[in-house]
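My questions all concern the structure below.
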Amino acid sequence: MKTILAPVDFSSASRGVLAQSVTLANSLRARLVLLHVVQPPVFINEYEMMLSEVARVAAAQEKSATRHLARLEKALASRVSSVTHVCLLGSPARLIVEHAKKISADYIVLGSHGHTAFHDLLVGSTAAGVLKHAKCPVVVVPPPAARKK
């Protein structure tokens, strides 16, 4: 059975990712794996947060994301033959590529937020990182505003 990995960040871009993932999964009779990567809080300086606080915040984010993923899985269960979810903690681009390899994903379907090049230079682009390192085809879904043209 083929596998579609659909990383979601719960933004408006995720709706398009889910729609395209379901369409692709149904056309290929593939299983769908929803993935959310929780990024740990970034330190501004060494006094900003104690390490225990960072761990507490990350754990709370992970718990919330897992609940959200479970709701999405339940909502999609009647639309695809097989759907599961995974929540990971760390760097999104790296973990998306690693998880795709781990589950032998045939496709990765992810969203683009349509940020400016300057934003991507400062913050980085998850989509660009995945495109650069993925070993399977990657479908990039444009942001909602870009599709109205």
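Is one or more of the residues making up the stretch 121-135 modelled with pLDDT of 95 or more and either in contact with a strand residue (DSSP E or B) (Cβ under 8 Å, 6 or more places away or on another chain) or acidic (Asp, Glu) (or both)?
yes
Can I ask one more? Let me spell it out: the conditions are (1) at pLDDT 95 or above; (2) touching a strand residue (DSSP E or B) at 6+ places or on another chain (Cβ under 7 Å), and Gly111 meets all of them except one. Which number is the exception?
With respect to (1) at pLDDT 95 or above; (2) touching a strand residue (DSSP E or B) at 6+ places or on another chain (Cβ under 7 Å), Gly111 is out only on (1).
Quick one: Ala58 ticks every box in (1) at pLDDT 95 or above; (2) in a helix (DSSP H, G or I); (3) in contact with a strand residue (DSSP E or B) (Cβ under 8 Å, 6 or more places away or on another chain) bar one, so which box is it?
Among (1) at pLDDT 95 or above; (2) in a helix (DSSP H, G or I); (3) in contact with a strand residue (DSSP E or B) (Cβ under 8 Å, 6 or more places away or on another chain), the lone unmet condition for Ala58 is (1).
The values are calculated or read from the model by the stated rules, or taken from the named source; none is laboratory data. All figures in this text were calculated on a predicted structure; none of them were measured in a lab. Heads up, the Cβs are rebuilt from the backbone with ideal geometry, glycines too, and the neighbour counts pull from every protein chain shown.
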